[in-house]
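Structure record follows, encoded as C-alpha cells.
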C-alpha cells in the first residue's frame, strides 16, 4: 500500500504538469493571427461584444466608433474602428489599429505594437493587418462652408476636423470632400511599395472597393 501511495505522489505532479502543458494557451500574437486567419468568422454587433471589451475600447479609443466586429468562435474578436459615424473617412484606410479580444473580453496585446506600416510578408510570424494604403502628404479637404483643412498626417487632419464638427455639427451635409488629385502608397502583388495617382472620384471609389474587398477576403460573407 505504501508503494502505491509513494508512486501516486510521484506521478500526480507529472500528470498535472502534462495536462497543464497540453491545455496551454496561445500567446497573444498567436491568438491574434489565429483570429485573423479563421475561416468560420461571423459578424457580430456591438451588443454581442463582452462588456469588458466595450469598456476597454471606450477607455483606449474614446473618440472612435466600431466599423465592424467579427467573432472567430472559440478564439476571439477582431474589431475595426472608424473616426466618424456619418461618413466614410478616407484616412481611416491608413489605420493599423484593429483591436483584438478573447471570447471573454480580455484585450490581446501584440508585441508588434501599432506601427503605421503595411505589415509583414505572408511568411512572417506575428503578423497583423496593415493599412490598405497610405497618402503622400500633404493632402487637404474642402468643408461644407468652403473652408479648407490640410495637414501633413492623419492625426493633424483629424484634430482639425474634430474641432470643425464640434463647432458646426455632424451632418451628412457637412461631409468633407477630399481634394484631388492625390498620390497614395500601396503594396503590389509582390509586396513591393508602389505609388499610385488618384485623380478622380471614380478612382477614389475603386480604391474604396479594393480596400473593402481585401478586408473581406477570408472573413466569410460579411458585407463591406
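Rule-based calculations on the coordinates, nothing more; no lab input. Just so we're clear, the structure is a prediction, and the values are computed from it rather than from any experiment. Virtual Cβ from ideal backbone geometry, glycine too; neighbours counted across all protein chains shown.
Points worth noting:
- Fewest-first ordering of 90, 173 by other beta carbons within 10 Å of each residue's beta carbon gives 173, 90.
- Using a Förster distance of 22 Å, the FRET efficiency for residue 111-residue 59 (Cβ separation, nearest 0.05): 0.55
- Among 134, 196, 167, the ranking by other beta carbons within 10 Å of each residue's beta carbon, starting with the fewest, stands as 167, 196, 134.
- Neighbour-count order for 45, 142, fewest beta carbons within 10 angstrom listed first: 45, 142
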